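Encoded as structure tokens, the structure appears first; notes follow it.
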Amino acid sequence: IQNIIIAIDGHSSCGKSTVAKDLAKKFDLTYIDTGAMYRAVTLFARQKGLISDGQVHTDALQNQIGNIHVELRKNPTSKQVETFLNGTNVEAQIRTLEISKHVSAISALAFVRKRMVELQQEMGKAGGVVLDGRDIGTVVFPDAHLKIFMTASPEIRAQRRFDEMQEKGEAVTFKEILDNVVLRDHLDSTRKESPLKQAEDAWVLDNSHLSRQDQLDWILDRLQKNG
Ligand code: C5P
């Protein structure tokens, strides 16, 4: 298990990161949250005024892509992985609905994906990693030892995300979140560059009605089946 690469792909807000973190803890793997990396690039573009009226100033962003340094660092106290953009901890800033609304436009850009995928491959190549995202089993690590494709009904996913945001005190409505989840799935699945799709050799996990422990048990079972 030491050099294993586990790929978890699937729809927005279906708990991929929870499962990935549980697996990382259980097997002492490094967790790589690839969505956080696209969110950090989106934050950069927002900070530089490169997104207006939902439109990305693609050329300007491309010119600055070399100035975007995204890192995932493990917080020694909380043991949680945190996202850094050019040396600043942006973990809280990248989780807002505002960023969720623009991230699919940014992640559809070929030059953004190229850079992030290279970084992810570099971070994961030695193994001992679990990555979650949209294209891990299809593009980033097509030879991953275990591939999971996660999904759940849009309403259930939106409700979970809504509860989370309520807890954080973010003023959003259930409808806004549901719309965002559905729109992101649509944009992510229909884009030209590395669209979200199930790898042929992925196990499909619909967790609409499964507890956190059920999901972990289900995956452990698949791990055994995969040898
Ligand atoms: O996983 P998360 O919801 O944080 O991902 C945010 C967005 O980043 C997705 O909606 C998708 O547009 C993009 N993404 C991607 N490829 C990945 C991970 C995320 O395009 N591997």
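The values are calculated or read from the model by the stated rules, or taken from the named source; none is laboratory data. The shown structure was predicted, so the numbers you read here are calculated from the model rather than taken from an experiment. Cβ: placed from backbone, ideal geometry, glycine included. Neighbour counts: every protein chain shown. Protein only, heavy atoms only, side chains kept; ligands, DNA and RNA dropped before computing areas. Shrake-Rupley method; radii C 1.70, N 1.55, O 1.52, S 1.80 Å.
Observations, loosely collected:
- Annotation note: of E71, E91, E82, the sole residue that is touching a Lys or Arg at 6+ places or on another chain (Cβ under 6 Å) and within 29 Å of L216 (Cα to Cα) is E82.
- If you go through segment 52-82 and keep only what is within 29 Å of L29 (Cα to Cα), surrounded by 10 or more Cβ atoms within 10 Å (Cβ to Cβ) and not aliphatic (A, V, I, L, M), you end up with H69, E71, R73, K74, N75, K79, Q80, E82.
- Cβ-Cβ distances below 7 Å connect the following pairs, each with a first residue in segment 189-214 that is in a loop (DSSP other than H, G, I, E, B), a second residue that is open to solvent by 30 Å² or more (accessible area, probe 1.4 Å) and of a type in the set (A, V, I, L, M), and a separation of six or more residues or different chains: R191/A108; E193/A108; E193/A110; S194/V139; Q198/V204; S208/I156.
- Residue in segment 65-74 that is farther than 20 Å from S194 by Cβ, away from the ligand (no atom under 16 Å from the Cβ) and small (G, A, S) present: yes
- Failed item, numbered, when F44 is tested on (1) farther than 23 Å from E193 by Cβ; (2) surrounded by 15 or more Cβ atoms within 10 Å (Cβ to Cβ): (1)
- Hey, R191 under 21 Å from L216 (Cα atoms) and at pLDDT 95 or above or not: no
- Of all residues in segment 33-54 being free of Cβ contacts under 8 Å to residues at least 40 places away in the same chain and over 19 Å from A92 (Cβ atoms), the one that is nearest to the ligand (Cβ to nearest atom): L50
- Matching option when the condition is of a type in the set (V, I, T) and either within 14 Å of the ligand (Cβ to nearest atom) or free of Cβ contacts under 8 Å to residues at least 12 places away in the same chain (or both), among T30, T83, T58: T83
- Residues of segment 146-156 satisfying the condition of being under 20 Å from P195 (Cα atoms) and assigned to a helix (DSSP H, G or I): P154
- Residue that is most open to solvent (accessible area, probe 1.4 Å) [pool: residues in segment 96-146 that are of a type in the set (D, E) and within 17 Å of I4 (Cβ to Cβ)]: D143
- Which listed residue is small (G, A, S) and over 21 Å from L50 (Cα atoms), from G133, G66, G87: G133
- Residue selected from segment 147-189 under the condition touching a Leu at 6+ places or on another chain (Cβ under 6 Å) and surrounded by 14 or more Cβ atoms within 10 Å (Cβ to Cβ), by the criterion nearest to Q224 (Cα to Cα): I148
- Residue list for segment 134-145, filter: part of a loop (DSSP other than H, G, I, E, B) and within 12 Å of the ligand (Cβ to nearest atom): R134, D135, F141
- Qualifying residues in segment 148-189 (those that are of a type in the set (V, I, T) and more than 26 Å from T138 (Cβ to Cβ)) - the one farthest from the ligand (Cβ to nearest atom): T173
- Residue count for segment 13-30, restricted to those that are within 11 Å of the chain's Cα centre (by Cα) and outside any helix (DSSP H, G or I): 3.
- Residue in segment 190-203 that is nearest to the ligand (Cβ to nearest atom), counting only those that are within 17 Å of S104 (Cα to Cα) and open to solvent by 60 Å² or more (accessible area, probe 1.4 Å): E193
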